[in-house]
């Protein structure tokens with residue numbers, strides 16, 4: 001009788017484990033299936049205040065005057081950023097719709113404003129289970145140039161809502177990621 005109960009209990013545990021592997025099982029964990037791309041806005045920039053995004057070349061962002069030199073961009077607040085290239089730093093007021101950077105004083109060639117139509121943060125938590133917090137990366141895309149990734153703590157709520165906490169301690173909800181079955185099972 002004891003042996004029969006042990007076998008029945010073991011079979012029940014295995015059945016329960018196999019059920020959680022099925023994608024149509026509501027108990028199966030969901031995972032983030034693709035990086036989350038969000039527009040840079042005052043709200044999303046708040047997550048990255050104090051972080052430095054490094055671009056291999058400034059030419060794609062600031063034009064040919066700085067081609068071949070690396071560029072660091074740091075949001076100093078949700079309405080200001082510092083661009084550092086060739087040992088020189090330039091402050092800019094930031095407004096949104098597109099990313100609009102107003103430089104004061106002007107860049108060396110006299111440019112006072114740069115409008116960047118494509119201005120996105122990409123938060124990569126691909127593979128993270130919903131309801132978890134872990135380390136992920138984020139990049140900044142300005143025009144056709146994408147920065148090297150910065151490391152951030154990324155939390156994914158049960159509904160796929162993604163929050164970013166950067167090394168500066170800022171935590172901001174940035175959007176909702178696409179999620180799917182963790183197992184890809186049937």
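Quick notes
- Residue within the range 128-138 that is within 23 Å of residue 151 (Cα to Cα), exposed (fewer than 15 other Cβ atoms within 10 Å of the Cβ) and touching a residue at least 60 places away in the same chain (Cβ under 8 Å) present: yes
- Of the residues making up the range 48-60, at least one is in contact with a strand residue (DSSP E or B) (Cβ under 7 Å, 6 or more places away or on another chain), at pLDDT below 85 and either part of a helix (DSSP H, G or I) or loosely packed, with under 15 Cβ neighbours inside 10 Å (or both).
- Any strands (runs of 3 or more DSSP E) falling wholly within the range 69-186 and containing at least 2 residues that are within 26 Å of residue 58 (Cα to Cα): 71-77, 80-85, 88-95, 99-103, 113-116, 119-124, 132-142, 150-156
- Restricting attention to the range 78-94 and to residues that are out of contact with any strand residue (DSSP E or B) (no Cβ under 7 Å at 6 or more places or on another chain) and more than 11 Å from residue 40 (Cβ to Cβ), the residue that is modelled with the highest pLDDT turns out to be 88.
- Long-range neighbours under 6 Å by Cβ, at least six apart or interchain, first residue on the phi < 0 side of the Ramachandran plot and at pLDDT 85 or above within the range 160-186, second exposed (fewer than 14 other Cβ atoms within 10 Å of the Cβ) and not in a strand (DSSP E or B): 178/34
- Residue within the range 67-77 that is out of contact with any strand residue (DSSP E or B) (no Cβ under 6 Å at 6 or more places or on another chain), at pLDDT below 90, surrounded by 15 or more Cβ atoms within 10 Å (Cβ to Cβ) and closer than 21 Å to residue 101 by Cβ present: no
- Within the range 147-186, tally of residues that are touching a helix residue (DSSP H, G or I) at 6+ places or on another chain (Cβ under 9 Å) and within 20 Å of residue 73 (Cα to Cα): 10
The values are calculated or read from the model by the stated rules, or taken from the named source; none is laboratory data. All values derive from a computational prediction rather than experimental measurement. With ideal geometry, Cβ positions are generated from the backbone for all residues, glycine too; neighbour counts draw on all protein chains shown.
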